[in-house]
1. Under the √(5λ) rule applied to the eigenvalues of the Cα gyration tensor, what semi-axes describe the equivalent ellipsoid of the range 140-181? Give them in Å, descending.
2. If you line up the Cα atoms of the range 115-159 on their principal axes, what length do they span on each, largest first, in Å?
3. What is the pair-distance distribution P(r) of the range 228-441, computed from all Cα-Cα distances in 5 Å bins starting at 0, with each bin given as a whole percent?
4. Calculate the length of the line joining the C-alpha centroid of the range 173-203 to that of the range 245-324, in whole Å.
5. Over the Cα atoms of the range 298-393, what Rg and Dmax result, in angstrom?
6. Binning every alpha carbon pair distance of the range 1-225 at 5 Å from zero, what are the percents per bin?
7. Shape of the range 219-346 from its Cα gyration tensor (a ≥ b ≥ c, root eigenvalues): rounded if a/c is under 1.5, otherwise prolate when a/b > b/c, or oblate?
8. Rounded to the nearest 500 deg cm²/dmol, what is the calculated helix-only ellipticity per residue at 222 nm for the chain, with -39500 (n - 2.57) per DSSP H run of length n ≥ 4?
Amino acid sequence: MRDINKEILRLSVPAIVSNVTVPLLSLCDTAISGHLGSELYLAAIAVGSVMLNVVFWLFGFLRAGTTGLTATAFGKGDDLSIRKVFSRSLGIAFTAGVCIILLQLPIMELLLRVIQAEEEVMDYVRRYFRICIFGAPALLGVMSISGWFVGMQTTAYPMAISISVNVINIAFSFLFVFGLGLGFEGVAWGTLCANWIGLAIAYACAVRFRRGKPLWCGVRDIVRGGVGKFFSVNVHLFFRSACIICVSLGVTSAGARLGALTLAVNVIIMQLFQFFSFFMDGFAFSAEALVGRYFGSHDMTTLRSTVKALLGWTLLMSLLFSAVYAGGCGLISGLLTDSGRVLEGVVDLRVWIGLIPLLSSWAFIYDGFYVGITSTKKMMYATFFSTIVFYIIAFVDYGVDGFCIGVRGNGYLWSAFLSYLMLRGAILAAEWKRTVEITRK
């Protein structure tokens, strides 16, 4: 068990470090745009980032699906399958990236209609989006290569790639904005350059990792032998990502309809949830890599021990974060805002905040287990059903005269969000043993 825990920490810690560096880039972009003389730049960065995230979150399967398929191939010692996954994943990444660029105008206008920002802001958002979107093939390519590395049982390379991209992005943004005088658009050009340089770094790391062995496979191998499994895994993950995006947009939309104060309170609470998710994602990455490896090698004894150890780490992290959040949510929130009304609103919801780690952690870790054994259909169904439950609790009000559709209140919104996360984890946990046995056959 001690060796298993070492393996878990070897994979989890770099992944956590990589996740924690992500907000630093957003903070730097905000700081740069905040010194350009207009609040419109800040708003444009915020809206543009959300729009880009929605687009790229849909392709999160390029990381998760690649990890699961690579890990099982690694466990089998099947080098050809490892190269097939690498080739197929990058092929889809580049194809999807080009399609996003070609369809950027309808995508942009659709997202602007959904977000409904002020007209003055929209002009800057369009300029930011049109520049950053040309980094789509590179960004999706980095996602694919990072997922492949995790499947190959290392998170050190993805951590190095993530930190490098963030540092390069910050440096280029400063250079373009203040050095070359490109103003607001310099932030977007910095992001674009960092994405393409990041792809070069990621590919160079993959070449070095293979130590002379080929990375790619031939066209014949790409289109035969496991291609059906590859696409089914990723299609399920794609629709699962779409459900997750619907929930995220639902939380944001409901908060906005409840007023600016409620929206501000929810932003703080969501930041606390995201910070916890950085840690749980690290352990989920370990689950994907190790469970996939032992499942691929048919070492069910070590697989069960690994699952047990990861569940222990999940319980420990959830209890630790719940205790900190429940007892110190006011103090922590004070680091994020000095608004007394917002702080009061956060403290009023401290019960929900304290429950976030305890109720949400199981969705993260079981997602990792299912990705590892590439049983993604049940993940999709569990997320879809949980999403329906979220919208029913958050937006359907029952009364003596029947029911009506509308935002019920912030307490209902957070109970809906936590129910969605808890239900996802509960469904996957209940089906885990049976799914493993079925998938083995």
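Every read-out reported here was derived from the displayed coordinates using simple, explicitly stated rules and does not represent laboratory data. Everything numeric in this text was worked out from a predicted model, so none of it was measured.
1. Details: eigenvalues 169, 18, 3 Å².
Listed largest to smallest, the semi-axes of the range 140-181 are 29, 10, 4 Å.
2. Principal extents (Cα only, largest first): 48, 18, 14 Å.
3. Histogramming the range 228-441 at 5 Å steps yields 1, 7, 14, 17, 17, 15, 11, 8, 5, 3, 1, 0 percent.
4. When both Cα centres are located, 31 Å separates them.
5. 17.6, 57
6. Histogram of Cα-Cα distances, whole percents per bin: 1, 7, 13, 17, 17, 15, 11, 8, 5, 3, 1, 0.
7. On the way: a/c = 4.19, a/b = 1.68, b/c = 2.49.
Oblate shape, in that a/c is at least 1.5 and b/c is the bigger or equal ratio.
8. -29000 deg cm²/dmol
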